[in-house]
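Accompanying notes for the structure given below.
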Amino acid sequence: DSYLTRLRLTEPLLNSFLHVSNTVLKQAQEIDDKIKNNEDVGPLAGVLVGVKDNICTADMPSTGGSRVLEGYRPPFDATAVKRVKELGGIVVGKTNLDEFGMGSTTEASAFQVTANPWDVSRVPGGSSGGSAAAVSARQCVVSLGSDTGGSVRQPASFCGVVGLKPTYGRVSRFGLMAYASSLDVIGCFGSSVADTGILLHAISGHDSRDATSSKREVPDFTSQFISPNILESKPLKELRVGLIHEALDDGVDTSVKSAIHAAASHLEELGCTLSEVSLPSFSLGLPAYYILASSESSSNLSRYDGLRYGNQAAADELNALYGDSRASGFGPEVKMRILMGTYALSAGYYDAYYNRAQQVRTLIQKSFEAALDDNDILISPAAPSAAYKIGEKIDDPLSMYAGDIMTVNVNMAGLPALVLPCGFVEGGPAGLPVGLQMIGAAFDEGKLLKVAHVFE
Ligand code: GLN
């Protein structure tokens, strides 16, 4: 009840949600009744979960932030949503995003712009800006987002919450609207590391409906949260931490750099051995990512043809129906990505762009492997700046894309990474949060959660 009050009062300022469920209290009542009757309720019983609107829900609209899917109600729940519900979680609503996940601010949503709860004249980050703002403003307890190139981690940093991008394959993508399938993962937001870990545990594990989901066993990420060694003076004494050299170059705000250096010193105080590591291919990640993500999206988005789902234009001929439905259904950012991707994949350009980007991807994977041989985790900022003003980068897509430099490499390598608040910089009415990114070896989410929990 109090979360719904909070939601009603803050939503006119924030616009985090595209749809709010009207059965939340009824579901909560049913759980209360079960508890009274001593019936089993799951570990997420009564926990309000926000779900990014590119993740399918059977009982609510799922638009992906696009007019092309306006009015679409999937006949099924995404596996991650199904698991949340089975464990007692209540989906409070669908959160705003950049259309199909393409953007870094939520300004590319076809429906509304979400505001940052720390300063409503600023962006919450994106593309999962609605999910991050909702947790930050306590409109829900935890939320699901998706991360193709940073869409969970960068908004977590801008909104001062914890965001976790799992290893590729850890969480089923069944029911996640595909943007770039080889990079997409469903991730988690929480206001604490423990909440985030509990949600990750709930949604992880193999799913026969996603051929890329891993069969690896899912450890109990949450068992270490009460580990007594948190009380020791040097609880992280075995841990080797590598600070990514290239992630602190001239393009990063000085105030962000100071916050990251302070966080690194704090890790040392906790017992970690800190060293600088070099990832020589770091700066190649951005161009390679935008070629690969656009290429994959140009193929994935061909399914929105006006026949199968959502928006259908009035036309009396088949090609016109396809063309008009797509022309009126997609927004400008999505059209730009489809054009870039189709170009990069076209005969004659394929080798120069797509193939070369794939080669860069291999280089990036190798350099992470080497760095993680010598270190348990790597750290960097989550973004080169704190949250910026709504409208500031809207006419300058290249500068917006440049803001993804800290996150895209991790998706290309398929690794897990966690972002948590590590300080504040000047800005807004009362300062703006800065996030620290911790990157781990594949399937080592447990270590990231443990370190972050001790750090927090
Ligand atoms: N900002 C990046 C993009 O626009 C990443 C988005 C994401 O992770 N979905 O592609």
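Which condition from (1) surrounded by 20 or more Cβ atoms within 10 Å (Cβ to Cβ); (2) over 26 Å from residue 173 (Cβ atoms) is the one that residue 304 breaks?
Here residue 304 meets the rest and fails (2).
For residue 247, state whether it is away from the ligand (no atom under 16 Å from the Cβ), under 25 Å from residue 431 (Cα atoms) and in a helix (DSSP H, G or I).
Yes, satisfied.
If residue 213 satisfies every condition in (1) of a type in the set (S, T, N, Q); (2) free of Cβ contacts under 8 Å to residues at least 12 places away in the same chain; (3) buried (at least 16 other Cβ atoms within 10 Å of the Cβ) but one, which is the exception?
(2)
So, residue 241, is that one of a type outside the set (Gly, Ala, Ser) and either farther than 18 Å from residue 448 by Cβ or part of a loop (DSSP other than H, G, I, E, B) (or both) or not?
no
May I ask you to list the residues in the stretch 157-184 that are under 15 Å from residue 143 (Cβ atoms), small (Gly, Ala, Ser) and within 12 Å of the ligand (Cβ to nearest atom)?
The answer is 163, and nothing else.
Please identify the pairs in which a residue from the stretch 10-33 that is under 26 Å from residue 125 (Cβ atoms) has its Cβ atom under 8 Å from the Cβ atom of a residue that is of a type in the set (Asp, Glu), counting only partners at least 6 apart or on another chain.
17/11; 18/53; 19/53; 20/11; 21/59
Only one of these conditions is not met by residue 267: (1) surrounded by fewer than 22 Cβ atoms within 10 Å (Cβ to Cβ); (2) under 25 Å from the mean Cα position of the chain (by Cα); (3) over 22 Å from residue 149 (Cα atoms). Which number is it?
Only one criterion in (1) surrounded by fewer than 22 Cβ atoms within 10 Å (Cβ to Cβ); (2) under 25 Å from the mean Cα position of the chain (by Cα); (3) over 22 Å from residue 149 (Cα atoms) is unmet by residue 267, namely (1).
(1) farther than 23 Å from residue 299 by Cα; (2) crowded, with 23+ Cβ neighbours inside 10 Å: which one isn't true of residue 102, the others all being true?
Condition not satisfied by residue 102: (1).
Suppose we filter the stretch 251-283 for residues that are among the charged types (D, E, K, R) and closer than 14 Å to residue 380 by Cα; how many remain?
3
When the residues of the stretch 283-307 are narrowed to those that are more than 13 Å from residue 177 (Cα to Cα), modelled with pLDDT of 95 or more and not small (Gly, Ala, Ser), which ends up farthest from the ligand (Cβ to nearest atom)?
284
More than 30 Å from residue 451 (Cα to Cα), of a type in the set (Gly, Ala, Ser) and part of a loop (DSSP other than H, G, I, E, B): does that describe residue 314?
Yes.
Looking for whichever is farther than 17 Å from residue 334 by Cα and either within 13 Å of the ligand (Cβ to nearest atom) or under 16 Å from the mean Cα position of the chain (by Cα) (or both) here; the options are 95, 148, 106. Which one fits?
95
Could you tell me which residue of the stretch 378-403 is surrounded by the fewest Cβ atoms within 10 Å (Cβ to Cβ), considering only residues that are within 13 Å of residue 150 (Cβ to Cβ) and either within 11 Å of the ligand (Cβ to nearest atom) or free of Cβ contacts under 8 Å to residues at least 40 places away in the same chain (or both)?
Our first condition is that a residue be within 13 Å of residue 150 (Cβ to Cβ); within the stretch 378-403, this holds for 380-384, 400-403.
Those left that are additionally either within 11 Å of the ligand (Cβ to nearest atom) or free of Cβ contacts under 8 Å to residues at least 40 places away in the same chain (or both): 383, 400-403.
Numbers: 383: 29, 400: 21, 401: 18, 402: 14, 403: 22.
Step by step, filter the stretch 378-403, then rank; the result is 402.
Do you know which residues across the stretch 272-300 are under 16 Å from residue 334 (Cα atoms), of a type in the set (Asp, Glu) and surrounded by fewer than 21 Cβ atoms within 10 Å (Cβ to Cβ)?
So in the stretch 272-300, the residues under 16 Å from residue 334 (Cα atoms) come out as 289-300.
Okay, now just the ones that are also of a type in the set (Asp, Glu), so 296.
The answer is none; no residue qualifies.
What is the residue count in the stretch 259-281 for residues that are within 30 Å of residue 102 (Cα to Cα) and either at pLDDT 95 or above or small (Gly, Ala, Ser) (or both)? Steps first, please.
So the first thing to find is which residues in the stretch 259-281 are within 30 Å of residue 102 (Cα to Cα), and the list is 259-260, 278-281.
Remaining after also requiring either at pLDDT 95 or above or small (Gly, Ala, Ser) (or both): 259-260, 278-279, 281.
Count: 5.
The values are calculated or read from the model by the stated rules, or taken from the named source; none is laboratory data. Just so it is clear, the model here is predicted, and its values are computed rather than measured. Backbone-built Cβ (ideal geometry, glycine too); neighbour counts: all protein chains shown.
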